[in-house]
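What follows is a short report on a single structure.
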Amino acid sequence: MTTDSLRSGPGANGRTSGDRARLPVREHLPACGPAAASGVPVLDVVVPVYNEEKDLRPCVLRLHDHLSRTFPYAFRITVADNASTDSTPAVAAALAAELGGVRYVRLEEKGRGRALRTVWSESDAPVLAYMDVDLSTDLNALLPLVAPLISGHSDLAIGSRLARSARVVRGSKREFISRAYNLILRSSLAAGFSDAQCGFKAVRSEVAERLLPMVEDSGWFFDTELLVLAERAGLRIHEVPVDWIDDPDSTVHIVRTATEDLKGVWRVGRALAVGALPLDRLARPFGDDPRDRALTGVERGLARQLVGFCVVGVLSTLFYLALYSLFRLGVGPQLANGGALLVSAVANTAANRRLTFGVRGRDGAVRHQAQGLVVFAIGLALTSGSLAALGAATGSPSHSTELAVLITANLAATVLRFLLLRAWVFPARACPEPEPEPDSDSEDVR
């Protein structure tokens, strides 16, 4: 099979990504039904390979045997050949001819992400997965990986080597690189998942249909970008602790891969910061519980706003203190405090507008800054009053004492600042009442 027919078209289900405004409610996939009767598999496991003539056959045989014995649904194994130059194509073609439920796809360009995007985009299976050809991950984790997707509980699922109950055997170098990389993701992209690069993941097809066009990377960063966008869109990611044994013969170039990953982190972080990604296309209904749909006029998001406000507040305070110390070299404490507060207040309002309260675009930006300056004036009154009181009490306080008083005054102003920002500058919007679902039995009144 070639990739010409896989690179175009609306998808196996005949829908384009723009047909619906939001994803449907997740439903439990039936064990039998029209799809099963027509031979459509529930699970499609993709094994991307490049020059794996040695490992490919034992991998597919072992995976096929495991699924045949333990998986209660129809399945397919797809070998995605990334332009191999050895005998991998012949081995893959022989496996497809020998084993039922195994197919072979040839790509003329390299890239794990490219292979997954190509095969997943055209698969007719409702659950899509992939695993590395070395089978470093224990296959007993495969059913727990896809079960939440089949049941309708989750949108994506990943194997985690860094979960508390995972059991991993690998060298200290790879262990350090893996943990450092995931720490970078948590600190720079606020990632909540624990292991971005484990070659053991699954996704529901309707999610992949909308998510894949947003993922730009075609190499090793594909996994990370997919997960970050899904998480930012509010999709549910299920993590499975895995038993994992490092492959000493792995051909992954660590330095080159790490460099490309860091470039990807910068690109995705910048796109998220400017709101360039249409993540609203990935929104799901809140739930299929009638009690969820009955809740109207309820404000949500307070916890997330508090976290965002605290993060912005810490960074703004550090920025303010740095500016105050810089300005203090040339002017008195009152002018230094006023200048530092003014600059940091503008930056603080802009950051809270985008990151804490999720306001995008330029509409209302000037008004928000003007209201933010009012909040700034309150902070200025508190901090300036504190400095004046300190000067009156001690005469000539030390620089460290000034900083201590300013920090205390700023902490007192922070609570009031959050309340004013939330209630006045960026008032929390109540959840809109759900639109009534059309009655299929009612007459068309158009």
Proximal lysines to Lys263, defined as alpha-carbon separation beneath 28 angstrom and excluding residues fewer than eight positions away on the same chain: Lys110, Lys173, Lys201
From the backbone phi of region 58-68, what are the Karplus-calculated ³J(HN,Hα) couplings (6.51 cos²θ - 1.76 cosθ + 1.60, θ = phi - 60°) in whole Hz, Gly and Pro given as x? x, 5, 5, 4, 5, 5, 5, 5, 5, 5, 5
Along the Cα-to-C-beta direction of Leu326, a point sits 7 Å from the Cα; which residues of region 344-368 have their amide N less than 20 Å from that point? 344-352
Note: region 156-270, point scatterers on Cα, Debye, no solvent; log10 I/I(0) at q = 0.11 Å⁻¹ equals -0.34
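Which trypsin sites (Lys or Arg not before Pro) in region 315-390 pass both tests, a DSSP loop state and at most 12 other beta-carbon atoms within 10 Å?
Values: sites: Arg328, Arg353, Arg354, Arg360, Arg362, Arg367; in loops: Arg328, Arg360, Arg362.
Listed in order of number, the matching sites are Arg360, Arg362.
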Two decimals, Cα atoms only, Kirkwood Rh: what is Rg/Rh over region 147-202? 1.01
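Heavy atoms only, 1.4 Å probe, whole protein assembly: order His238, His64, His28, His399 by accessible area, highest first. Please report the intermediate quantities before stating the final value.
Numbers: His238 55, His64 35, His28 115, His399 80 Å².
Result of the area sort, largest leading: His28, His399, His238, His64.
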Testing the spin-label approximation: label points 7 Å from Cα along Cα→Cβ at Leu411 and Ser398. State their distance in nm. 1.9 nm
For region 88-180, size of Cβ-based charge dipole, Lys and Arg +1, Asp and Glu -1, in debye: 560 debye
With label points set 7 Å from each Cα along the Cα-to-Cβ direction at Ser68 and Leu318, the distance between them in nm comes to 5.7 nm
Quick one: order Thr85, Thr257 from most to least accessible surface, probe 1.4 Å. Thr85, Thr257
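The values are calculated or read from the model by the stated rules, or taken from the named source; none is laboratory data. Model, not experiment: these values are computed from the prediction. When we count neighbours, we look across all protein chains shown, and the Cβ atoms used for this are built from the backbone with ideal geometry, even at glycine. The accessibility values were calculated without ligands, DNA or RNA, using every heavy atom of the protein model including side chains. Shrake-Rupley method; radii C 1.70, N 1.55, O 1.52, S 1.80 Å.
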